[in-house]
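Please read the structure below before turning to the comments.
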Amino acid sequence: MLPLQRVMYVTFICLIFSGCNQAFNTAGAQYLKLGLKKACFEEDPACVAAVNDQFDSCHEKYEKKWNAYMNSSTSDEDQLLKLYSEKMYSCIVDDNGNPYFLFEPE
């Protein structure tokens, strides 16, 4: 019975950490969503609506790039964040298909 308890304990710990990782990834994406809405300013309700309506589907479309960034080493993280950001910024568009945001790294 003791070995079974150890296996269950290790499995439980692994589930906790994998769940924390997913929560961290989700929180990071929601932080980006909030930042994009702030970039719209309150004077542009169409932009805010576009972020609200399109962000989740855009993020889902580029989720592999986001996960690659979140799991990257420090040497790769800047490039991977740039790739994800370029895709996400160009994904949120107005009624004419023009992107609301242009990714310009500092």
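The values are calculated or read from the model by the stated rules, or taken from the named source; none is laboratory data. Only a predicted model underlies this, so the values are computations on that prediction, with no experimental measurement involved. Ideal geometry is used to build each Cβ from the backbone, glycine not excepted, and the neighbour counts take in all protein chains shown.
Structure above, values below:
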| quantity | calculated |
| --- | --- |
| Residues of the stretch 50-79 satisfying the condition of being more than 12 Å from the chain's Cα centre (by Cα) and either closer than 15 Å to L32 by Cα or touching a residue at least 24 places away in the same chain (Cβ under 8 Å) (or both) | A50, V51, N52, D53, Q54 |
| Checking M70 against (1) over 19 Å from Q30 (Cβ atoms); (2) in contact with a helix residue (DSSP H, G or I) (Cβ under 8 Å, 6 or more places away or on another chain); (3) surrounded by 12 or more Cβ atoms within 10 Å (Cβ to Cβ); (4) not polar (S, T, N, Q), the condition it does not meet | (1) |
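Rundown of residues vs (1) touching a helix residue (DSSP H, G or I) at 6+ places or on another chain (Cβ under 8 Å); (2) at pLDDT 85 or above; (3) polar (S, T, N, Q); (4) under 20 Å from L102 (Cβ atoms), yes/no style:
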{"site": "S18", "(1), (2), (3), (4)": "no, no, yes, no"}
{"site": "G28", "(1), (2), (3), (4)": "yes, no, no, no"}
{"site": "L36", "(1), (2), (3), (4)": "yes, yes, no, yes"}
{"site": "T74", "(1), (2), (3), (4)": "no, no, yes, no"}
{"site": "L80", "(1), (2), (3), (4)": "yes, yes, no, yes"}
